[in-house]
Amino acid sequence: MTLPPEHHLRAELNYEVHARPPDTLMGPLRVSYLALLSGDAPRGAALAAMRTLALRFGVVPPGDGASHWSADLGIFRIRWEQHTEFHRVMFIRDGVAEKPFAEPAITFVPSDWVAALPGELLVAADLELAHDAEETLAMDIFGDNQVVGSVIGGRGLAFTDFRISGNGFARFLVVQGSMSASITGRNVQRLLEIDTYRMMALLALPVARALSPKLTHWEQELAEIATALTKASPEDEPVLLERLTRLASEIESQEAATRYRFSAAAAYYALVQRRIAELREERMEGLQTFQEFTERRLAPAMDTCQSTTARQEALSRRVLRVTQLLQTRVDITREAQNGAVLLSMNRRVRLQLRLQQTVEGLSIAAITYYVVGLAGYAAKGIAPHWGIDPDWVTAGAVPVAAGFVAWGLHRARQRLALREDD
């Protein structure tokens, strides 16, 4: 059968759901886990580090552009994944040490290679996977620290105190019980992801704390501007508008700088809640579950970030409303000023019209004077021949000349008025 043309991303999208499957784990074994923020590290630096380790142990390195890689290096297994903001690497070694957490898996990894890993270390965890263990053993391992633990998957146990121990690693103890190797692998990955996404979500908390005093200052300044606006004169409006514009730019700049961090925190928090739900926890007497610990410790931090985000957005909207109000006042003032200018121009036009009419009257008199003068000269020239009195001719020419000039100017004004109407 011949199928229609295939979309160029069909295979990639189909196999995306099969990418990065969890390892199948069967205890006893030890896991060391690192999560490093990419930060300013060059793109591809983590992949280059994995290639270096692969060549060092003589195994096939990850390919170009790879975002995950796993291999058996003999004395330990490695699993590496690249994410948007961080990359994480897991080292797995079978067997247990004489004492829990005494000889973690990362001990067998070249220390110079570990120290040169790109990025900033955010999470480091040691996990012991045992077949069977008593709850009292967990209490002994974590000492006087408050232990978080529960039955996971209905068949196993998980314990941690979410604290960084003396060697710089957090510690997790997992009892496999009757869980299968695949279920154990998924639950181990979930536990480590809970710790990772918890820390990634908390990156927004210092940002929220640092932003809070700024928001308080901006809110006070906005209140001052709004109060001043109620009593402001037209001369004060440009100054208030300048202050408000500067305030809006500061808020928008800060919002743009923090928007990604706060939205990422919300996404990581949702992942933490999802991973906890996937554990299918059951309570153990006297211990906090992972969900209870998260809701008590992480949820308030996320509420702080969410309230800071909401406060910032609300402040931005308030600044916009006050800006619109002030802009309306400025427009009204400007319209009043324009009206005054137009009124003044009308007055000037009327004065110019009156002056023009006055000038027209003088023009009629002047033109009449010259016409009558010409008529008088003509009468004097022909008087000896025709026997007429030049003075009578001159006197009779005055009304005729004045009427003719006035009629001519009137006709000229009518023609100009018709042209303007057209």
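The values are calculated or read from the model by the stated rules, or taken from the named source; none is laboratory data. Bear in mind that the values here come from a model prediction, so they are computed numbers and not experimental data. Cβ placement follows ideal geometry from the backbone for every residue including glycine, while neighbour counts extend to all protein chains displayed.
Numbers below:
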quantity	calculated
Residue match in region 150-157 (condition: modelled with pLDDT of 90 or more, among the basic types (K, R), more than 39 Å from the chain's Cα centre (by Cα) and outside the structural domain of E282 (by TED's automatic domain parsing))	no
Number of positions in region 14-32 that are under 32 Å from the mean Cα position of the chain (by Cα) and at pLDDT 80 or above	0
Of all residues in region 280-306 being surrounded by 13 or more Cβ atoms within 10 Å (Cβ to Cβ) and more than 22 Å from V188 (Cα to Cα), the one that is farthest from the chain's Cα centre (by Cα)	A299
Contacts under 7 angstrom Cβ, first residue in region 20-32 being buried (at least 17 other Cβ atoms within 10 Å of the Cβ), partner in a loop (DSSP other than H, G, I, E, B), 6 or more apart	G27/H131; G27/Q176; L29/G95; R30/V96; R30/P104; S32/P104
Within region 142-196, considering residues that are of a type in the set (A, V, I, L, M) and under 20 Å from E103 (Cβ atoms), the one surrounded by the fewest Cβ atoms within 10 Å (Cβ to Cβ)	I164
Hey, R259 at pLDDT 90 or above and within 30 Å of I152 (Cβ to Cβ) or not	no
Verdict on L192 being farther than 27 Å from M302 by Cα and touching a residue at least 60 places away in the same chain (Cβ under 8 Å)	no
Verdict on R246 being part of a helix (DSSP H, G or I), basic (K, R) and surrounded by 12 or more Cβ atoms within 10 Å (Cβ to Cβ)	no
T24 being more than 21 Å from E193 (Cα to Cα) and polar (S, T, N, Q)	no
Check on A41, modelled with pLDDT under 90, small (G, A, S) and under 33 Å from the mean Cα position of the chain (by Cα)	yes
Matching residues, region 107-119, being in contact (Cβ under 8 Å) with a residue 60 or more places away in the chain and surrounded by fewer than 12 Cβ atoms within 10 Å (Cβ to Cβ)	A116
Long-range neighbours under 7 Å by Cβ, at least six apart or interchain, first residue over 14 Å from Q327 (Cα atoms) and of a type in the set (K, R) within region 213-239, second at pLDDT 90 or above and surrounded by 12 or more Cβ atoms within 10 Å (Cβ to Cβ)	K214/Q254
Test: S316 is of a type in the set (S, T, Y) and free of Cβ contacts under 8 Å to residues at least 40 places away in the same chain	no
